[in-house]
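Novice: Starting off with a structure, shown below.
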Amino acid sequence: MTLRSRLGQGAARRAPVALTAVAALAAALLAVSPAPAGAAGPPAAGSPPLAAAPLQAAKQAPGAPDLGPNTYVFDPSMPVSQIQATVDAVAAQQVPNQFGTQRYALLFEPGTYGTAQQPLNFQVGYYTEVAGLGRDPGDVVINGSVDVYNQCDSGGCVALNNFWRSLSNLTIHVSNGNAGCYAGEFWAVSQAAPMRRVHVEGNTTLMDYCSGPSFASGGFIADSRFTGGTVINGSQQQFYTRSSDLDGWTNSVWNQVFSGDVGAPSECFGCAPATYYTTFDTTPVTREKPYLYVTDAGEWRVFVPATRRDARGTTWATGSTPGRSLPLSDFYVAHPGDSVAAINNQLSRGRDLLLTPGVYDVPETIAVKRADTVVLGLGLATLTAQGGAVALSVADVPGVDLAGFTVDAGAVSSPVLVRIGKAHGNNHSDDPADPTALQDVFFRIGGPHAGRAETSLEVNSSNVVLDDIWAWRADHGTGVGWTQNTATTGVVVNGDHVDATGLFVEHYQGFEVIWNGEDGSVVFFQSEMPYDVPSQAAWRSSPTTDGYAAVKVASDVRSFSGAGMGTYSFFNQGVDIFADHAYEVPNTPGVHLHDLLTIFLDASHGMGGIRHVVNDAGGSSTIANPDVPVTVVDYP
């Protein structure tokens, strides 16, 4: 997201927080010495120099099912050196592999890995899932760290492109005290890099302050606990933390949102320099992501957490997470190369679907027709639409769960990539007690290859939870340009009672989000308008309105709420481009927005900007006030 292409051109953002001060504070909090002047990259101790030996065939723990050649299943009896060699080799390949086709899952059976004398410290690169296989996060303990660092090139060291990776369902007892500046758990990520069901014992930083300029643009944490140390947010442009337990939170830049978090900072939206906290005591509705686990008897199962309302704290604070457990035998375990016909045949027989790591070409729709079906991806498995297909559709049925995979557009434009509920139909089968949910589902238009789609996600059903969605029309990579990776809208919501917790939508050529349903809500929204608009005439939503709003709530909607919403502009074609509004909503008593901001990014390269925050309220963010949030606390 932010400033990727500009940094590639040698540009640099003005940081709202003095990063030298942040680094000094972080070093003090972690009680370590800063790295020597000029030092960059990960420490030698416990982290690979990214030149590990070539990957060997996966060595699976005894009794593990066939989850594909790129799934590594570790058990505590394996020597730490063997595990270290494997995870280092995966990192060496994947840390720089932004648009590659390799996908990996690193799974840890219940037990303890690493010791104080021989800790397990490793990096997580692109398309790599690291997950524990316990029923609860405490069942898998890593003595060491699982890290994401800045990526360094001639433009500096940043985390702005650290996408598409995940960490879940384990405990990290931080043990890397000999790592100098890099002591602690480093999770310097941006979009599509969730941390879920993780307990960190020790200090955690969401920025890599050991090498500058250290910018990051994340991120998402849910159902996690942090003890014995502070979470250092630092340069994160925005971050959403949900239903977690915090032991301290330091620093902020712009849009920081907390809902249902024990120990969250108090709300302070612009009340102090560089502090824009939006804080809610509870999260209105949540449904945590399903996960693989292994029982004490060695049985492989998938756990589907129950829906929670007005949630506060983790699902496992007072015992095991409530929900239902499914045997892995209920799932069709798919591998890249399996035909859609074979997958649909298994779905029609009532089976759930597990996508093992890899890229799946999808020339016709994967059709989910049964209520409570689970579709779970490992290693950020990727569905690529072919020939203009809709990659995946869900019938008008309740309780379906789609989680942990990426959907790419193909070269022929698709009308939509994922459709929930029948288009232009009425949903009569939704169930408020059993909502359909999407967790960690990510969309791309261009980037790895040429891609086109009219809409990425269309939600027609009612009672749906959207939890950590990133819909991205690529601003860099392959097949990128105003007439190349064409896409009008990221997310269209037609159903009622749809709740979004963590919605990231960027660079689409029309409205980023169109919301037509009643009683919808968004807690945390992040968006950038398209960089590459060639002229104002090419980007008008009406003859009298310049540009397109990031969120358009339909004029006939009577009930909608949104909070913690940030929209940014950066137009890089050398001409002034303006959007009249960041948000457009009807003026009616049931529609309310809270804690909104817009920002004009990088005066050295951008032009134009956003004239108003919501409708005609709020000031402008343009070259006259670059990198300064323009806010509306409540509307109306």
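The values are calculated or read from the model by the stated rules, or taken from the named source; none is laboratory data. If you're wondering where the values come from, they're calculated on a predicted model, not measured in any experiment. We place every Cβ from the backbone using ideal geometry, glycine too, and count neighbours over all the protein chains shown.
Novice: State which residue is surrounded by the most Cβ atoms within 10 Å (Cβ to Cβ) when the search covers only region 360-396 and only residues that are in contact (Cβ under 8 Å) with a residue 40 or more places away in the chain and in a loop (DSSP other than H, G, I, E, B).
Specialist: Gly379
Novice: Further, regarding this structure: If I filter region 548-582 down to residues being in a strand (DSSP E or B), without any contact (Cβ under 8 Å) to a residue 40 or more places away in the chain and of a type outside the set (A, V, I, L, M), which single residue comes out as surrounded by the most Cβ atoms within 10 Å (Cβ to Cβ)?
Specialist: His581
Condition check ((1) surrounded by fewer than 24 Cβ atoms within 10 Å (Cβ to Cβ); (2) at pLDDT below 95; (3) aliphatic (A, V, I, L, M)) across all residues:
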{"site": "Thr241", "(1), (2), (3)": "no, no, no"}
{"site": "Trp249", "(1), (2), (3)": "yes, yes, no"}
{"site": "Gly260", "(1), (2), (3)": "no, no, no"}
{"site": "Ala264", "(1), (2), (3)": "yes, no, yes"}
{"site": "Gly270", "(1), (2), (3)": "yes, yes, no"}
{"site": "Lys289", "(1), (2), (3)": "no, no, no"}
{"site": "Glu299", "(1), (2), (3)": "yes, no, no"}
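Novice: So which of Thr307, Thr286, Thr279 ends up being β-branched (Val, Ile, Thr) and free of Cβ contacts under 8 Å to residues at least 60 places away in the same chain?
Specialist: Residue meeting the stated conditions: Thr279.
Novice: Just a yes or no: is a residue in region 435-447 outside any strand (DSSP E or B) and either over 20 Å from the mean Cα position of the chain (by Cα) or among the β-branched types (Val, Ile, Thr) (or both)?
Specialist: Among the residues of region 435-447, at least one is outside any strand (DSSP E or B) and either over 20 Å from the mean Cα position of the chain (by Cα) or among the β-branched types (Val, Ile, Thr) (or both), which makes the answer yes.
Novice: For region 596-621, what are the residues that are modelled with pLDDT of 95 or more, of a type in the set (Ser, Thr, Tyr) and surrounded by fewer than 21 Cβ atoms within 10 Å (Cβ to Cβ)?
Specialist: The answer is Ser620, and nothing else.
Novice: Right, here's the next one. Kindly indicate the residue of region 60-79 that is within 16 Å of Gly379 (Cα to Cα) and touching a residue at least 40 places away in the same chain (Cβ under 8 Å) and also surrounded by the fewest Cβ atoms within 10 Å (Cβ to Cβ) among those meeting that condition.
Specialist: Looking at residues that are within 16 Å of Gly379 (Cα to Cα) and touching a residue at least 40 places away in the same chain (Cβ under 8 Å), I get Asp66.
Novice: Is it true that some residue in region 465-473 is over 20 Å from Phe504 (Cβ atoms) and touching a residue at least 12 places away in the same chain (Cβ under 8 Å)?
Specialist: no
Novice: For Val533, state whether it is of a type in the set (A, V, I, L, M), buried (at least 17 other Cβ atoms within 10 Å of the Cβ) and either at pLDDT below 95 or over 30 Å from Asp431 (Cβ atoms) (or both).
Specialist: Judged against the criteria, Val533 is a match.
Novice: Sticking with this structure for a sec: Consider Val253 carefully, then state whether it is touching a strand residue (DSSP E or B) at 6+ places or on another chain (Cβ under 8 Å) and assigned to a strand (DSSP E or B).
Specialist: no
Novice: Out of Asp546, Asp475, Asp519, Asp468, report the one residue that is farther than 17 Å from Ala579 by Cα and in contact with a helix residue (DSSP H, G or I) (Cβ under 8 Å, 6 or more places away or on another chain).
Specialist: Answer to the check: Asp475.
Novice: State all residues of region 397-435 that are of a type in the set (D, E, K, R) and at pLDDT below 95; if no residue qualifies, say none.
Specialist: Scanning region 397-435 gives Lys422, Asp430, Asp431.
Novice: A further question on this structure: Which residue pairs have Cβ atoms closer than 9 Å, lie 6 or more positions apart in sequence or on different chains, and pair a first residue in region 500-528 that is within 26 Å of Ala538 (Cα to Cα) with a second residue that is of a type in the set (Lys, Arg) and surrounded by fewer than 24 Cβ atoms within 10 Å (Cβ to Cβ)?
Specialist: Cβ pairs passing all conditions: Gly510/Lys552; Phe511/Lys552; Glu512/Lys552; Val513/Lys552; Ile514/Lys552; Trp515/Lys552.
Novice: Looking at region 282-297, can you tell me whether even one residue there is more than 28 Å from Ala433 (Cα to Cα) and not hydroxyl-bearing (Ser, Thr, Tyr)?
Specialist: Yes, some residue in region 282-297 is more than 28 Å from Ala433 (Cα to Cα) and not hydroxyl-bearing (Ser, Thr, Tyr).
Per-residue answers, yes or no, for (1) among the hydrophobic types (A, V, I, L, M, F, W, C); (2) at pLDDT below 95; (3) more than 18 Å from His199 (Cα to Cα):
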| residue | (1), (2), (3) |
| --- | --- |
| Leu50 | yes, yes, yes |
| Ala57 | yes, yes, yes |
| Thr112 | no, no, no |
| Val130 | yes, no, no |
| Pro137 | no, no, no |
| Val146 | yes, no, no |
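Novice: Residue under question is Gly132, and the condition is that it be in contact with a strand residue (DSSP E or B) (Cβ under 9 Å, 6 or more places away or on another chain) and either under 27 Å from Arg444 (Cα atoms) or of a type in the set (D, E, K, R) (or both); does it hold?
Specialist: It is false that Gly132 is in contact with a strand residue (DSSP E or B) (Cβ under 9 Å, 6 or more places away or on another chain) and either under 27 Å from Arg444 (Cα atoms) or of a type in the set (D, E, K, R) (or both).
Novice: Return the residues of region 234-248 that are without any contact (Cβ under 8 Å) to a residue 40 or more places away in the chain, closer than 20 Å to Thr598 by Cα and polar (S, T, N, Q); say none if nothing qualifies. Walk me through how you get there before you give the answer.
Specialist: First, the residues of region 234-248 that are without any contact (Cβ under 8 Å) to a residue 40 or more places away in the chain: 236, 239, 241, 246-248.
Restricting the remaining residues to those that are closer than 20 Å to Thr598 by Cα gives 236, 239.
Within region 234-248, just Gln236 meets the criteria.
Novice: As an exercise: evaluate Thr171 against (1) surrounded by fewer than 24 Cβ atoms within 10 Å (Cβ to Cβ); (2) in a loop (DSSP other than H, G, I, E, B); (3) among the hydroxyl-bearing types (Ser, Thr, Tyr) and give the number of the one condition it does not meet.
Specialist: Against the list (1) surrounded by fewer than 24 Cβ atoms within 10 Å (Cβ to Cβ); (2) in a loop (DSSP other than H, G, I, E, B); (3) among the hydroxyl-bearing types (Ser, Thr, Tyr), Thr171 comes up short only on (2).
Novice: Considering only region 398-411, state which residues are in a loop (DSSP other than H, G, I, E, B), in contact with a strand residue (DSSP E or B) (Cβ under 8 Å, 6 or more places away or on another chain) and more than 16 Å from Val492 (Cβ to Cβ).
Specialist: Matches in region 398-411: Pro398, Gly399, Val400, Gly410.
Novice: Conditions first: (1) of a type outside the set (Lys, Arg); (2) surrounded by fewer than 24 Cβ atoms within 10 Å (Cβ to Cβ); (3) at pLDDT 95 or above; (4) in a loop (DSSP other than H, G, I, E, B). Gln191 passes all but one, so which condition is the exception?
Specialist: Of everything listed in (1) of a type outside the set (Lys, Arg); (2) surrounded by fewer than 24 Cβ atoms within 10 Å (Cβ to Cβ); (3) at pLDDT 95 or above; (4) in a loop (DSSP other than H, G, I, E, B), Gln191 misses just condition (2).
Novice: Here's something else I'd like to know. Quick check: anything in region 335-350 under 30 Å from Gly138 (Cβ atoms) and not in a helix (DSSP H, G or I)?
Specialist: No.
Novice: Still on this structure, I have one more. Would you be able to say whether some residue in region 449-458 is of a type in the set (D, E, K, R) and on the phi > 0 side of the Ramachandran plot?
Specialist: Checked against the condition, which is being of a type in the set (D, E, K, R) and on the phi > 0 side of the Ramachandran plot, region 449-458 yields no hits at all.
Novice: Has region 602-615 got any residue that is in the same structural domain as Phe524 (by TED's automatic domain parsing), touching a Lys or Arg at 6+ places or on another chain (Cβ under 9 Å) and free of Cβ contacts under 8 Å to residues at least 12 places away in the same chain?
Specialist: To start, the set of residues in region 602-615 that are in the same structural domain as Phe524 (by TED's automatic domain parsing) comprises 602-615.
From the residues that got through so far, the ones that are touching a Lys or Arg at 6+ places or on another chain (Cβ under 9 Å) too are 602-606.
Cutting the leftovers down to free of Cβ contacts under 8 Å to residues at least 12 places away in the same chain gives us none.
Taking every residue of region 602-615 in turn, none turns out to be in the same structural domain as Phe524 (by TED's automatic domain parsing), touching a Lys or Arg at 6+ places or on another chain (Cβ under 9 Å) and free of Cβ contacts under 8 Å to residues at least 12 places away in the same chain.
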